[in-house]
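The values are calculated or read from the model by the stated rules, or taken from the named source; none is laboratory data. These numbers were taken from a predicted model, which means no experiment stands behind them. When we count neighbours, we look across all protein chains shown, and the Cβ atoms used for this are built from the backbone with ideal geometry, even at glycine.
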Amino acid sequence: MNKQQNIEFQEGKILYFNKPLNWTSFDLVNRVRNIISKHTGQKIKVGHAGTLDPLASGVMILCTGKATKKIEDMQYLTKEYVATLKLGETTPSFDLEHPVDFVYPTEHINRELIDSIIPQFIGEIWQRPPVYSAVKIDGKRAYSYARQGKEVDIQPKLLVIDQIEVLNFEKPFLTLKTVCSKGTYIRALARDIGIALGSGAHLTALQRTRTGNIKLDDCITIEEFIKILNNRIIE
């Protein structure tokens with residue numbers, strides 16, 4: 001047992017991780033909690049400040065011990081994402097979790113059309129979360145209803161998108177950088193952009209590149225975290 005590390009984690013640490021692809025947010029929290037417990041010999045409280053889908057990677061802020069009280073405030077930090085959309089196809093979840101369900105024309109889509117519709121998604125907008133999401137309806141997650149084939153009425157939410165920048169367009173793929181508020185579903189944004197283009201769209205890649213002032217370069221991997229603990233260094 002490392003008594004000093006135990007005290008540090010109980011008093012509260014804020015850790016910046018690069019969440020791996022195909023991990024849930026809980027997977028990361030659970031793994032970090034187990035690693036800390038192994039090194040300190042104590043059960044330490046760990047929480048995260050903003051969910052990431054399993055098919056997304058990137059910046060996740062984790063808090064331990066008394067620092068978990070800061071999570072609620074941290075959830076309101078501005079987020080930045082880099083997303084790749086495939087135009088002309090949709091899936092039920094608007095990402096690669098499910099197979100393609102509908103195909104749409106893309107012949108009419110060009111950079112000029114994309115540039116003309118992007119501004120309508122900047123500023124305060126109302127967005128309807130995807131049916132495959134963790135939004136609660138009557139005490140149950142929306143994805144629970146979706147997986148049972150039940151239709152649900154998900155109410156749109158008001159959110160703010162500060163910036164959308166086209167990073168690359170090679171049809172049918174469109175890569176965007178989006179700076180937005182808490183509660184924004186990039187999968188839903190892909191869906192809505194596809195509709196605005198007179199077609200369809202779904203995500204093929206998503207990475208959170210920034211939360212507040214924390215960038216990917218500030219984050220560590222699970223392997224690096226274990227190495228830090230083994231060296232008895234908490235940055």
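Some notes on this structure:
- Options ILE114, ILE125: the member that is in a helix (DSSP H, G or I) and under 24 Å from LEU159 (Cβ atoms): ILE114
- Scan of the range 15-58 for residues that are among the aliphatic types (A, V, I, L, M) and either under 18 Å from the mean Cα position of the chain (by Cα) or at pLDDT 95 or above (or both), ordered by number: LEU15, LEU21, LEU28, VAL29, VAL32, VAL46, ALA49, LEU52, LEU55, ALA56
- Residues that are of a type in the set (A, V, I, L, M) and over 22 Å from the mean Cα position of the chain (by Cα) were ranked within the range 196-235; the one that is nearest to MET74 (Cα to Cα) is ILE234.
- For the range 28-65, filtering for residues that are outside any strand (DSSP E or B), under 18 Å from GLY183 (Cα atoms) and without any contact (Cβ under 8 Å) to a residue 24 or more places away in the chain leaves 0.
- Each residue in the range 33-53 was checked for being within 30 Å of GLY123 (Cβ to Cβ) and surrounded by fewer than 21 Cβ atoms within 10 Å (Cβ to Cβ), and 2 of them qualify.
- If the condition is being more than 19 Å from GLN10 (Cβ to Cβ) and either among the small types (Gly, Ala, Ser) or outside the structural domain of ASN30 (by TED's automatic domain parsing) (or both), then the range 46-72 contributes GLY50, ALA56, SER57, GLY58.
- Flag for ILE117 being at pLDDT below 95 and over 19 Å from LEU28 (Cα atoms): no
- Looking across the range 74-131, just one residue is of a type in the set (Ser, Thr, Tyr) and free of Cβ contacts under 8 Å to residues at least 60 places away in the same chain, and that is SER116.
- Annotation: of all residues in the range 158-199 being among the β-branched types (Val, Ile, Thr) and in a strand (DSSP E or B), the one that is surrounded by the fewest Cβ atoms within 10 Å (Cβ to Cβ) is VAL166.
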